[in-house]
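Report on one structure; see the data block that follows.
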Amino acid sequence: MWPGLAGKTALVTGASSGLGAHFARLLAGKGVKVTLAARRLDRISSICEEIAGAGGLAEPLSLDVADPGSVETALTSRSFDIVVNNAGTTLSAPALEHGTQDIDRILDTNLKGAFHVARVAAEAMVAKGHGGVIVNVASILGTRVAGNVSAYAASKAGLIQLSRALALEWARHGIRVNALCPGYIETELNRAFFASEPGQALIRRVPQRRLGQPSDLDGPLLLLVSDLGHFMTGTEIVADGGHL
Ligand code: NDP
């Protein structure tokens, strides 16, 4: 059903929890050999064991995307057909309460980190001459305004525009770059917030009136990484249960 996936190799960053762990399991289930990258090696190692137990191929990779040196060390001499730039972090606080370190952490991880990973991975794709697919996990908050997420929203808006810019430059190398923009999906990032009354009130405003689950993103992700999406590059897919 998803042509062009079996036998491919994929890097999924931020694979130690939430969407990244889900995407890694999903791709492994389609016959992709998956490298799970994150800082918490114990967690990605245990997810790799689980994938192997289910008959899939997976390996852990210690990686801090916010550290360009770590990205170079971890990725140089590796090449992937598919890269899912999923690692991300956030802060819910008024802009006046965002400290310098908060702003740096969010931009270094969500925007600059994704850029470093994409650039190093693309260098290998170009060198090998086989092209590839990069999916940058952005957010609806990269295109819409919400309160208390200024640094996060700015990082995701930058990531969407970065995806378009890289797609334009790298199409001639056979590399497609797209952004996936999820709405509110239940993961460790936000579980406590959505259990609270303000979180519940937000969910009631979603047209489908529910919090998304990671599996709600399966179709959009698989479309972008498989051959079914071969004419799509420099674009965004939004999966959010309806426009708030
Ligand atoms: P989680 O908090 O569950 O997962 C975040 C992942 O990012 C973890 O695996 C974490 O691993 C990794 N990570 C964070 N910082 C770094 C770093 N410096 N280097 C490497 N890995 C890092 O969040 P989600 O699964 O919810 O989020 C995944 C992505 O989806 C994020 O980019 C997020 O912005 C985006 N998103 C999420 C939405 C949602 O509603 N859940 C909605 C829209 C977008 P470790 O700590 O082990 O390094």
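Computed from the coordinates by the stated procedures, all read-outs in this text should not be read as laboratory data. Predicted model, so just to flag it, every value in this text is computed and none were measured. For neighbour counting, all protein chains shown are included, and Cβ atoms are generated from backbone atoms with ideal geometry for every residue, glycine included.
Annotations for the structure displayed:
- Most tightly packed first, judged by the mean number of other beta-carbon atoms within 10 Å of their residues, the peptides 92-98, 36-42 read 36-42, 92-98.
- Partner lysines for Lys112 [C-alpha distance under 19 Å; skip if fewer than 8 residues away on the same chain]: Lys156
- Of the residues Ile51, Phe193, Val32, the one whose Cα sits farthest towards the positive end of the charge dipole of the chain is Val32 (charges of +1 on Lys and Arg Cβ, -1 on Asp and Glu Cβ, taken about the Cα centre).
- Taking other Cβ atoms within 10 Å as a rough exposure proxy, Met125, Met1, Met232 sort from fewest to most as Met1, Met232, Met125.
- Note that the chain shows a convex hull volume over its alpha carbon atoms of 121 Å³ per residue.
- Distance cut-off 22 Å, percentage of C-alpha pairs in region 135-225 lying past it: 35 percent
- As a proxy for reagent exposure, ranking Phe194, Phe231, Phe80 by other Cβ atoms within 10 Å from fewest up yields Phe231, Phe194, Phe80.
- Dipole size of region 9-238 about its Cα centre, with +1 on Lys/Arg Cβ and -1 on Asp/Glu Cβ: approximately 500 debye, rounded to the nearest 20.
- Simple spin-label estimate for Ser45 and His173 in nanometres, 7 Å along Cα-Cβ: 3.3 nm
- Counting every other Cβ atom within 10 Å of each residue's Cβ, Thr109, Thr187 order from fewest to most as Thr187, Thr109.
- For Lys128, the aspartates and glutamates whose Cα falls under 16 Å of its own Cα, not counting residues fewer than eight places away in the same chain, are Asp81.
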